[in-house]
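Participant: So that we are looking at the same thing, I have put the structure below in structure tokens.
Throughout, read-outs are computed from the coordinates displayed, never taken from laboratory work. Remember, predicted model here, so these are calculated numbers, not experimental data. Neighbour counts run over all protein chains shown; Cβ positions are idealised from the backbone, glycine included.
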Amino acid sequence: MSNKLQADDGSTGHEGRVPDKARRRLLQGGLGATPLLLTVVSRPALGGGSHHYGDKCYSPSGFVSMPTSEHGKPQFCKGRTPGYWKQSQHFDEWPHPYYPVKTYKKPATLFKTAFYPYPAGPYQSKTMLEVCGMGGGPPNNVGRHIVAALLNAARGWTPVLTVDAVKGIWGQYIQYGYYEPTAGVKWYHEQIVDYLTSTMTL
């Protein structure tokens, strides 16, 4: 078991999950001011590559109550990080109808097209790939992770998130500055990124 600090720029492709105690503190704090969180990654070594089928994951509302109440059959995600999707060797894995770069048939998919009917915010003229590769804090940290989450959902790699659900997270965030996974709970950029990251394994 190894511990690493989570990279904020999405460039490493090895972002992890917040430990349970830290997650509870984070979610409790989400009702008020947004605390500064140092995320410590704790993930088993993948080993064997093809034998790694995904990590346990939760819907947004389930993530709020986890781990105190788990209901139903566990779900497992094998989503990819922004750092993974922005690499040219993975462009052929982008699911239809999204294209990272212009091809002889289709142009590169614009962020505003992918997330329609929600506003594109600062990414009106950016492609999905450009947003996926943007560094820095908010809104870019949410932007690059939401692109990765959309691609993961379209590939069927995150059974707890549909394409429409991912769009809805972005829609609330860009319009109100937060996302409500359940009534009375507000996630700001740190909490949104933490949740989306919890559905990503590589």
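Participant: Sorting check: for 126-137, 77-88, 191-202, which peptide has the highest mean count of neighbouring beta carbons within 10 Å, and how do the rest follow? Please report the intermediate quantities before stating the final value.
Facilitator: On the way: 126-137: 20.0, 77-88: 22.2, 191-202: 24.8.
Descending mean neighbour count gives 191-202, 77-88, 126-137.
Participant: Taking the Cα centre as origin and putting +1 on Lys and Arg beta-carbons and -1 on Asp and Glu beta-carbons, what dipole magnitude results for region 112-197, to the nearest 20 debye?
Facilitator: With Lys and Arg at +1 and Asp and Glu at -1, about 200 debye.
Participant: Still on this model: Which of the peptides 109-117, 182-190 is most tightly packed, and how do the rest follow, judged by the mean count of other Cβ atoms within 10 Å per residue?
Facilitator: 109-117, 182-190
Participant: I've got another one for you. Picking from A153, T109, G121, whose Cα lies most toward the positive end of the charge dipole for region 62-180 (charges on Cβ: Lys, Arg +1; Asp, Glu -1)?
Facilitator: T109
Participant: Give me the compactness ratio for region 129-202, meaning the Cα radius of gyration over 2.2 N^0.38 Å.
Facilitator: 1.02
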